[in-house]
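Working notes, structure below.
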Amino acid sequence: MGTRTRDRARGPDAARPGRGLGHRLDRHRGRGDARGGRPAVRDLRARPSEPADRATLGLDEGRTFVNSTRKSALRDRLAWRGRRARHGAGAVALTTALVLAGCGDDGGQLAGSGGGDGGGGSGEQSTSLRVAFPQEPPDWNYLQNAATAIKALVVHNVVEPLLEKTEDGSFEPLLAESYEVSPDGLQYTFTIREATFHDGSELTADDVVYSLTTSQASPQGEISGPFAAVSAIDKTAENVVTVSLDRPSQNFLQGMSGIAGLIIPEGSAEGLAQQPLGTGPYSFEEWRNGVSVSLARFDDYWTDLPFFEDVTWQFFADETASLNALLAGDVDLVSNLIGEGLERFDSINETDGFTGVTTAGSEFIYLVLHATDPAFQDERVRQAIAHAVDRQPIIDGASGGLGQPSCVFVNPPNVAWNSDYCPYPYDPDRAESLLAEAGVPDLAIDFTYITSGFFPATMEVVRSQLTEVGISVEPVGLDLTTYLEQILGESPDYQMTVLSGPQQADSWQCPGWFAGDCSEEFGQLLAAADQAIDTAEWADLRRQAVEHFADRAFVIPIANQDEVSAMRDDLVGMKPYRSASELDLRPLAWG
């Protein structure tokens, strides 16, 4: 097995002692001691891992990976998460980490939604779940739209990938009942399991070929990127799909467990915007624009049914309102707190009957400087902006302290190529000197941001920090739909912005996504890593790539974000990690 090497890792020792990052980047610091007496929180974050061996990554020569027991495999995998038995009959066995004493009072329910029994154990508990989510996407077409709000609802719940990534980074077959990798790593053979789509059609190899081919053509680099080495996608038997590569690729198998590997019925891509179809445990029933999405348990699901029969996914732009709804018993779970709700995290967690949960997120927050803007052509200007950014106050002020500062674009943090490298630690004096050297002591920047979630607070903190070194910042606020069109559209129009998402550093390869920064060296390092069979070499090359990317400073990493939720404390089964920003409904149940 490869081991993680850190000989190139260098901490931000140049930072001023006691300010922001200070002398270090402590990614895995404990909660509570730094803020004095934070109450117990369900901390489900994954921890750093060593590079997986070749078998784990699916690269062992000629190895076949099988998951032929249709029902027992997923049940066994999810048992520790606190699932109830099918249709809610009987008690669930809970791991000690998820057993919480005491239950709260639901206090009421949203009309027609079917609330719980109050969490006290008396009476019949509801099989309806009510989820509050902070953002509504403009549509549900994940092939065209990079919004996290799509992934949270769709992935694993409605549409499923071929493989599933586990907490330790290894893969297990999902819609692929088994898969085999050729000795040279140039051919992947997927045997497709028996499953049914929500429209009643049976899953076939033709559907898989169509889905993968459609993903390969997606304008979203996160989706099309894993297919960079793919030369052919063919149906080679009634239930077998063979993918041929012109070179070995680590990214391909990674993609088959995420957005790139999602499987939909042949010819259905055009309908994704309004009603995505998949094989998942829930069917997408109704979208009431601006209000909610209704999900219904799919009785023909290929393995164990989830506990909840129906899920109402409600949109709350105001997180204060969503948390008030939780306390009033109108919702059961508030997912993805990203704004003012983070300020109430502790108080919710101290309230009887409710709990706060942090999980290892797949979201990363970062600043972007448009590479074609004349103001940023001098690297000293970019370096000055990077030196002016103090990450910890941004995390504390905009994310309730729930995040891990990082100077490199590594997402999630528990991967083998993570690094403590920080080329431009917080140093406002150095920032002022660089601006003077570049001849722009009075630099002015337009800062475009989304007017919801944590983005306004983030903008204000960064604006204050830049102002301290003499940079004038003009805020430009946009609603989510306008932002997606103007910033992430075909012709990005902005000067500086802040965003978060589940993207890997690979998304920034030439032509540089919406940053517009094309670095051939960056792409070459990632390509070399992708072709590496040895996992230690793979990890080292990826680490070199992300460090090079940090040096360029068109994209300035801020932090790995924890996924933060608040919920009734009798709701159990929250998955301790997210692989594609999903809120996985499969294991959730009443405790």
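Please work out which one of (1) under 18 Å from Arg586 (Cα atoms); (2) in contact (Cβ under 8 Å) with a residue 40 or more places away in the chain is the condition Ile150 fails and give its number. So Ile150 meets the others, but not (2).
Somewhere in the stretch 210-226, is a residue under 26 Å from Ala296 (Cα atoms), assigned to a loop (DSSP other than H, G, I, E, B) and open to solvent by 40 Å² or more (accessible area, probe 1.4 Å)? Among the residues of the stretch 210-226, not one is under 26 Å from Ala296 (Cα atoms), assigned to a loop (DSSP other than H, G, I, E, B) and open to solvent by 40 Å² or more (accessible area, probe 1.4 Å), which makes the answer no.
Inside the stretch 179-195, residues that are touching a strand residue (DSSP E or B) at 6+ places or on another chain (Cβ under 6 Å), surrounded by fewer than 18 Cβ atoms within 10 Å (Cβ to Cβ) and closer than 26 Å to Asp299 by Cβ make up a count of 0.
Quick one: would you say Asp352 is among the acidic types (Asp, Glu), outside any loop (DSSP other than H, G, I, E, B) and open to solvent by 10 Å² or more (accessible area, probe 1.4 Å)? It would help to see each step written out before you state the result.
Numbers: among the acidic types (Asp, Glu): yes; outside any loop (DSSP other than H, G, I, E, B): no; open to solvent by 10 Å² or more (accessible area, probe 1.4 Å): yes.
Against the criterion (among the acidic types (Asp, Glu), outside any loop (DSSP other than H, G, I, E, B) and open to solvent by 10 Å² or more (accessible area, probe 1.4 Å)), Asp352 does not qualify.
Only one entry of Asp310, Asp300, Asp352, Asp346 meets the criterion of being within 18 Å of Leu129 (Cα to Cα), touching a residue at least 12 places away in the same chain (Cβ under 8 Å) and in the same structural domain as Leu174 (by the TED database), and that entry is Asp310.
In the stretch 495-512, is there at least one residue being open to solvent by 40 Å² or more (accessible area, probe 1.4 Å) and in a helix (DSSP H, G or I)? Checking the stretch 495-512: not a single residue is open to solvent by 40 Å² or more (accessible area, probe 1.4 Å) and in a helix (DSSP H, G or I). Of the residues making up the stretch 460-480, those that are among the aliphatic types (A, V, I, L, M) and farther than 19 Å from Phe514 by Cα number 6. Only residues that are open to solvent by less than 10 Å² (accessible area, probe 1.4 Å) and at pLDDT 85 or above were counted in the stretch 392-403, giving 2. Count of the stretch 287-328 residues, restricted to those that are open to solvent by 40 Å² or more (accessible area, probe 1.4 Å), under 20 Å from Ala589 (Cβ atoms) and among the aromatic types (Phe, Trp, Tyr), is 0. When each of Val331, Val368 is tested for being part of a loop (DSSP other than H, G, I, E, B) and surrounded by 21 or more Cβ atoms within 10 Å (Cβ to Cβ), the lone residue that passes is Val331.
The values are calculated or read from the model by the stated rules, or taken from the named source; none is laboratory data. All of these numbers come straight from a predicted model, not from anything done at the bench. Every residue, glycine as well, gets a Cβ built from its backbone with ideal geometry; the counts of neighbours run over all protein chains shown. Quick note on the areas: whole protein, heavy atoms, side chains included, nothing else; ligands and nucleic acids left out. Shrake-Rupley method; radii C 1.70, N 1.55, O 1.52, S 1.80 Å.
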